[in-house]
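J.: Dropping the structure in here first, questions after.
Here, each number is a calculation from the coordinates, and none is a lab measurement. This structure is a prediction, so every number in the text was calculated from the model and none was measured. Please note: Cβ atoms are built from the backbone with ideal geometry, for glycine as well, and neighbour counts cover all protein chains shown.
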DNA sequence: CGCGGACTTGAAGTTAGTCAATTAGAGTGG
DNA sequence: CCACTCTAATTGACTAACTTCAAGTCCGCG
């Protein structure tokens, strides 16, 4: 962690510029303000660990700017990324005493965090906070259910098509998508190797479905054909 | 649905014989009794649909006896089973207005169900109910996270080993496991074909790690070697 | 019993993975 | 500003794992 700023928990201070806050983020802001919980900002450098699998879950986080990957490892190093967390997203909300995945900054990242214990306390007296915690967890579950279908049953091309549509929805700006993560991260998210991801992207480029400004700057030219590929 | 019995919501009536009720089930019973919510029993025949993906989620269910699969389909029929629900397990708790997976009885199955709306009401006034709903959803999320790792990164043999250990833990009785589901269901749960599942089981049998009484009656002879395979 | 679905097993085919070489690009320092 | 370096990404050739297709066998149920 490199910087530390105690901020007022007022909602207006919490939205990152150009990062429209999604429903979970709104819920997080409501929680933070309703309960008088103290929100703190921290920054992490690229590839820095935010918390590790199995560590006590002391805080809940919201991405202010940057991007975070959460993943599980097998003993031999095989990695499954469960989700990418972008500006506005909440992560680290693992009910129970410990984190079930490791969280790392993909790029230099600033997060807002609140003490998990104070959230639990707030939930104990404020039914709205309790409800929001539930729906945030439920929305993680929905994503996981969709992702199990992708991992278990989609082909490489379908996986990449789904990924592009997801990222387009979540971080496209003026039609352009600036991916924060490398090909290996994408592969570990989709259950593929980085080479297979690269080949699928090249093929979509050849077909004119997307255009590269650079390897990580992508413009989708035909979302419909991409959606058709997505099974 | 074939039988319908309105039952008293008392906890003692809800536990299936020889099926120790797991924590989520306890929570469900607490909810049902604390809130005065009416619990009803229904039975479904083998392969009967309990609810469909996208349908309004009117009820939440607990398996009394039998087994249930919940799954998602792709347009061409490829299927991903997200979870198997055995005696004591709660399913259908999808926060939001509609079910995100389809639920079907694997064998003839009896469930207890409560109106989702009455749960929400109870959660609005009873913080303990709200907390239980959250932790039940969180426990589904934990399973989904573990399963993403399996689907995305484990080999066929590792998947089958994990499956056997999970089922052994959840339904072994006197060291014997009576699987309610067919090889195709197992394959669709593990992201494999039924043939690959069959071959892996045969190989474990040849190695003396398990013994078949019949195709679905399995005794694990060496849990340690199975755990070693599970990565 | 004997029918029919479930399961097993074999052989061939396909997809994605592995290994390896090359290219592109970002960041650094002269 | 440009050369250098190092990592990320691409691409190719080959391999391995799993799927597909196709017989058979088992066995649970009428």
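J.: What does the structure give for B:98-105 when I average, per residue, the other chain Cβ atoms found within 10 Å of the residue Cβ?
T.: Details: counts 0, 0, 5, 3, 0, 0, 0, 0.
The shielding value for this peptide is 1.
J.: If you take each beta carbon of peptide A:79-87 and count the beta carbons of other chains within 10 angstrom, what is the mean? Numbers along the way, then the final one.
T.: Working: counts 3, 10, 3, 7, 2, 0, 0, 0, 0.
Mean partner shielding for this stretch: 3.
J.: OK, next. If the label for residue A:172 sits 7 angstrom from Cα along the Cα-to-Cβ line, what are its distances to the same label in every other copy, in nm to one decimal, shortest first?
T.: 5.1
J.: Cut-off 18 Å, label point 7 angstrom out along Cα-to-Cβ of residue A:184: give me the residues of the stretch A:105-145 whose amide nitrogen falls inside.
T.: A:105-108
J.: For each of B:146, A:230, count neighbouring Cβ atoms within 10 Å of the residue's Cβ, then give the residues from fewest to most.
T.: Details: B:146 17, A:230 20.
By the 10 Å Cβ count, ascending, the order reads B:146, A:230.
J.: Still on this structure, please answer the following. Return the single residue from B:77, B:92, B:191 with maximal mean-square fluctuation; model: Gaussian network over chain B, springs between Cα atoms under 10 Å.
T.: Per the Cα network of chain B with a 10 Å cutoff, B:77 tops the list.
J.: So, one more: Once both labels are modelled 7 Å past Cα along the beta-carbon direction, what's the residue B:212-residue A:174 spacing in nm?
T.: 6.3 nm
J.: Follow-up question, since we're still on this one. In nm, give the distance between the simple-model label positions of residue B:203 and residue A:205, each being 7 Å from the Cα along the Cα-to-Cβ direction.
T.: 3.7 nm
J.: Measure out, as a whole number of angstrom, how far apart the alpha-carbon centroids of the stretch A:51-95 and the stretch B:101-161 sit.
T.: Taking the Cα centre of each part, the stretch A:51-95 and the stretch B:101-161 sit 21 Å apart.
J.: Take peptide B:126-138, look around each residue's Cβ out to 10 angstrom, count Cβ atoms belonging to other protein chains, and average those counts. Intermediate values should be presented prior to the final figure.
T.: Details: counts 1, 6, 1, 1, 8, 7, 1, 5, 12, 4, 3, 10, 11.
Across B:126-138, the average partner-chain Cβ count within 10 Å equals 5.
J.: Let me ask something else. Normalised by the number of residues in chain A, what is the relative contact order in percent for Cα pairs under 8 Å and 6+ residues apart?
T.: Answer for chain A is 19 percent.
J.: May I pose another question? Below 8 Å between Cα atoms, with a sequence gap of 6+, how large is the relative contact order for the stretch A:154-229 in percent?
T.: 36 percent
J.: Distances from residue A:125 to the same residue in each other copy, label points 7 Å out along Cα→Cβ, in nm, shortest first?
T.: 2.2
J.: Going 7 Å from Cα along the Cα-Cβ axis for the label, what nanometre distances separate residue A:213 from the same residue across the other copies?
T.: Reported distances to equivalent positions: 6.6 nm.
J.: For residue B:107 and residue A:107, what is the calculated FRET efficiency with R₀ set at 41 Å and r taken between the beta-carbons, to the nearest 0.05? Before the final figure, lay out the partial values.
T.: Values: r = 50 Å, r/R0 = 1.22.
The pair residue B:107/residue A:107 has a calculated efficiency of 0.25.
J.: Right, another one. Just to be sure I understand the model, the point goes 7 Å from the Cα along the line to the Cβ. What's the resulting residue B:121 to residue B:193 distance in nm?
T.: Placing both labels 7 Å along Cα→Cβ, they lie 5.2 nm apart.
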